[in-house]
Amino acid sequence: MKAKEWISDLRVYEPGKPLEEVARELGFGDLTEIVKVASNENELGPSPMAMKAMQETISEMHRYPDGGAFYLKGKLADKLGVDPENLLFGCGSNELIVFLCHVFLRQGMNLVMGAEAFAVYFLAAAMYEGKAIRIPMPEHVHDLDAMLTAITPETRLVAICNPNNPTGTMVSPEAIDCFIEKLPEHVVAIFDEAYFEVMPEHMKPDVLKHIRAGKENIIVLRTFSKAYGLAGLRIGYAIGHPKLIGLLNKVRQPFNVNGMAQAAAMAALDDVPHIVQTREMVFQGLEFFARELPKLGLETVPSGANFILVKTGNGREVFERLQKLKVIVRPMDPYGLPDHIRITIGTPEQNQTILNALKAVRV
């Protein structure tokens, strides 16, 4: 069996283990006692309105979904103040990242990204023989000036995750506007806003104003996985100029977003109370950990997302010890941060359980 060399050499993305498997390995009988805060999921669960919509859709699951997501596209366009032609849906925003690399990268071309940014950009670039140029991130923040400087004639994509996963750090709206003004026309800038709904209001950039103004080489990626609580349905979307969206549509497979996901997303858009409650939970949780973790001698990175990066020393060891206490976090050694773990913000009860477990492993 002879595979393409660059595919054989790819490093596989490391997912967390299923909760049931962790429980089996550690001999835990009651899954409800385990606090899983490793994947930046919404610990409040799905939008109640979305759950109702899913139940009502069950009887239609013998039908293929709407390949163009006509109704969802129209509803979201109205909400965002863009045209339906500005939107494209994917199986999570991950699929849209792959589309972008498929369209723009080949051998000899490159993608510029932060050294501590979402790993899927590096992996997707490698899938199409592109090179990922990783730029150091002082204080774990994207250095937009350095990213601009790194752009070459062979650069086709530059990715800015804002807030960034796994660091949670943000770039100011003013810095983003300046970056867009200086962006060369041959480069497409990806603004990955997976955590946009839970960002502090004063730090939310308005990248969409540039798209509404006709800018052709920028694209925004968002998702229903985080604040809306629909991670298991895998639905995300891109916002960009119709020319750019049209190119991505050429590599999209038919029926890439399932019917239940579309129905749930439409309902979730109307569930404002769920988003408000989610934001309150996240803000309170971030304040809790920023206040309590330093008392344990643990450094935290200010976050604008629904998780917090914590410097613990030997993050893999801390992860394993916490797991034995029925708390599952994310070790950060795959991101070159071996002294850190990432903790998803949970309910107040979950957050207290996490803090108690950290106290126990620090003894």
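The values are calculated or read from the model by the stated rules, or taken from the named source; none is laboratory data. Predicted, not measured: the structure shown is a model, and the values here were computed from it. FYI the Cβ positions are ideal-geometry reconstructions off the backbone, even for glycines, and counts take in every protein chain you see.
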Of all residues in region 274-309 being closer than 12 Å to ASP339 by Cα and either of a type in the set (Gly, Ala, Ser) or in contact (Cβ under 8 Å) with a residue 40 or more places away in the chain (or both), the one that is surrounded by the most Cβ atoms within 10 Å (Cβ to Cβ): LEU309
Residue identified as under 23 Å from ALA268 (Cβ atoms), among the hydrophobic types (A, V, I, L, M, F, W, C) and touching a Leu at 6+ places or on another chain (Cβ under 7 Å) among LEU100, LEU76, LEU111: LEU76
Output for region 205-233, where each listed residue is under 19 Å from GLN277 (Cα atoms) and of a type in the set (Gly, Ala, Ser): SER225, ALA227, GLY229, ALA231
Residues satisfying the stated conditions in region 156-204, i.e. assigned to a strand (DSSP E or B) and closer than 30 Å to HIS274 by Cα: ALA159, ILE160, CYS161, ILE190, PHE191, ASP192
So VAL98, is it assigned to a helix (DSSP H, G or I), in contact with a Phe, Trp or Tyr (Cβ under 7 Å, 6 or more places away or on another chain) and within 22 Å of TYR195 (Cβ to Cβ): no
Selection status of PHE319, among the aromatic types (Phe, Trp, Tyr) and in contact with a Gly (Cβ under 8 Å, 6 or more places away or on another chain): no
Considering residues of region 117-155 that are among the charged types (D, E, K, R) and part of a helix (DSSP H, G or I) only, the residue surrounded by the fewest Cβ atoms within 10 Å (Cβ to Cβ): GLU139
Whichever residue in region 311-338 is without any contact (Cβ under 8 Å) to a residue 40 or more places away in the chain and either in contact with a Ser or Thr (Cβ under 7 Å, 6 or more places away or on another chain) or among the small types (Gly, Ala, Ser) (or both) and, among such residues, is surrounded by the fewest Cβ atoms within 10 Å (Cβ to Cβ): GLY313
Some residue of region 81-92 being more than 22 Å from VAL257 (Cα to Cα) and under 22 Å from the mean Cα position of the chain (by Cα): no
Which listed residue is outside any helix (DSSP H, G or I) and either modelled with pLDDT under 95 or outside the structural domain of PHE70 (by TED's automatic domain parsing) (or both), from ILE343, ILE354: ILE343
